[in-house]
Amino acid sequence: MQIPSHIEQTIRRQCQNGSTFNAYIYDTSPLIKRIKYLNQIMPQGVEVFYAMKANPHPAFLDAAQKAGATGIEIASLGEAKKAVDAGFLPSQLIYTGPGKSPEELAWCVDNRIRTIHIESLAEAHRIQNLCDAANQTQDVLLRINANFDIHDAQTTFSGGSKKFGIDEEQLDIALPQILALDKLRFRGLHVYAASGVLNVDDLLHNCKLVFDLTKRIEAQYHNIVCDIIDFGGGFGIDYEETGHNFDPQAYASGLGDMIRQYGFENRQFVLELGRWLAAECGWFCTEIIDIKTSRSKKQVICAGGINHFRRPAALSINHPMAIVNLGRTKLFENQESIHQEKVYFGGPLCTSADKLANDVWIEEAHIGDIAVFGLAGAYGLTMSNTGFLSHALPKEIVVTNTE
Ligand SMILES: Cc1ncc(COP(=O)(O)O)c(C=O)c1O
């Protein structure tokens, strides 16, 4: 991995004061570029929302707004408040996720957010009761756990027994009950298949199945139109640097063709994207505290582990990485270092699960150097075990490239 020069300069500058360096460095320009690009190439009617679960840092929300995201996909009241603090209107918020509490739903109804995506009958009834009490209506989408999935995706959200949405097979029972709730304005469907999909054809195939499902539902219930169809997120990132990148242009043209083929030109389509927008905006940078050999393999121990960057361990992958050599004074003459070898990187936690990377080829590294993990802008700090062992949180440093 090549560390961009402004990121490396920031690391070197920050390390001058001598205290242990452990930080995320963010540059949100890829997110801005990508949202603008998608807004240009997507077919008429497709709206890009930022799924802030990928990175809720205010700089990311600010960037999403500047770039022209239609709004924010939220998954909690905490996210709703952060989005509003960043300047988004409640009418720009869409709320998906199982287990929304009564308080969370009440805030959404009171603030008239754009759509709540119903995950169960109990949730539908809670929203109806809140709306009844406030004498208002609420726009809703129905999240369906379709009976298809994308097999080779990193994480799947539909198919099989899932906690997300209502099973497609139960629609005959559930949908009439939901439609009978007079305070809910049924606007359409949410079917989110999978996260981390690199193959455009897989995602397009999912869109086709969702369109077929839409047609079946509309044929059966003549009084409803699904005028919003939400595909969730899913655009993948090539973490393992195989050269297979997600092709948004191919997705846009494929989706455009499909919209025309199904005669769906007058509908709205929602993309709730997190990873593909945010991953390239972040680097996790952590100081090498120790290097030692254990039974012929080098163990590199860093200041931060899965308490600060859990993704590689959680998904059993190595993120792209590089070392910033700082040439620091040795602690003792025979101190161990790394020279052209495959090594293990871990953090300071008392569990062997605390892995940052394994069998990764390193040219040269010494105690005091900085290990830099790329593509760390999405699902980084906030998906980590930050409370475990009570280490201080890493800094979050926002930079812009002025070159
Ligand atoms: C409901 C929902 N929407 C959007 C996303 C964002 O997905 P991605 O980061 O794959 O774009 C997620 C991720 O889990 C999600 O659960």
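Bear in mind these aren't lab numbers, they're just calculated from the coordinates by the rules spelled out. The structure presented is a predicted model; accordingly, all values stated were derived computationally and were not measured. Here the Cβ is made from the backbone with ideal geometry for all residues, glycine too, and neighbour counts use every protein chain on show.
A compact table of results
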| quantity | calculated |
| --- | --- |
| Under the Karplus curve 6.51 cos²θ - 1.76 cosθ + 1.60, θ = phi - 60°, whole-Hz ³J(HN,Hα) for the stretch 356-366, x wherever Gly or Pro sits | 9, 6, 9, 6, 9, 7, 10, 5, 7, 7, 10 |
| Estimated [θ] at 222 nm from DSSP helical runs (n ≥ 4, -39500 (n - 2.57)) normalised by residues in the chain, nearest 500 | -9000 deg cm²/dmol |
| Cβ crowding within 10 Å averaged over residues, with 32-38, 267-273, 100-106 ranked highest first | 267-273, 32-38, 100-106 |
| Computed label-point distance, nm, for sites Glu103 and Ala314 using a 7 Å Cα→Cβ extension | 2.4 |
| Selection of GluC sites (Glu not before Pro), the stretch 299-386, meeting DSSP coil and at most 11 other Cβ within 10 Å | Glu333 |
| Fully extended contour minus Cα-Cα distance, from Lys33 to Gln16, at 0.36 nm per residue | 2.9 nm |
| Burial ranking of peptide ranges 179-192, 284-297 (average Cβ count within 10 Å, highest at the top) | 179-192, 284-297 |
| Percent of beta bridges antiparallel (DSSP, the stretch 29-279, rounded to nearest 5) | 5 |
| Test item: Cα-centred dipole of the chain, Lys/Arg +1 and Asp/Glu -1 on Cβ, debye | 620 |
| Value of relative contact order over the chain, rounded to a whole percent, pairs C-alpha under 8 Å and six or more apart | 20 |
| Under 14 Å from the Cα of Lys82 - aspartates and glutamates, other chains or at least 8 residues apart | Asp62, Glu73, Glu104 |
| For the stretch 15-42 versus the stretch 68-146, the gap between their alpha-carbon centres in whole angstrom | 29 |
| R0 of 60 Å, Cβ-Cβ distance His6-Arg112: FRET efficiency to nearest 0.05 | 0.90 |
| Sequence ranges 253-259, 40-46, 170-176, ranked by mean other-Cβ count within 10 angstrom, highest first | 253-259, 40-46, 170-176 |
| Most mobile of Asn334, Asn266, Asn145 in a GNM of the chain (Cα contacts under 10 Å) | Asn334 |
| Paramagnetic label zone (point 7 Å from Cα along Cα-to-C-beta, Leu179; backbone N under 13 Å) in the stretch 249-287 | none |
| Inter-probe distance in nm under a simple model that places probes 7 Å from Cα toward Cβ, at Met258 and Asp201 | 1.4 |
| Computed log₁₀ I(q)/I(0) - Debye formula, equal Cα scatterers, no solvent, the chain, q 0.11, 0.12 Å⁻¹ | -0.83, -0.96 |
| Local net charge near Ala59, Cβ-Cβ under 11 Å (Lys/Arg +1, Asp/Glu -1) | -2 |
| Options Asn358, Gly188, Pro176, ranked by Cα towards positive dipole end of the chain, top entry (Cβ charges) | Asn358 |
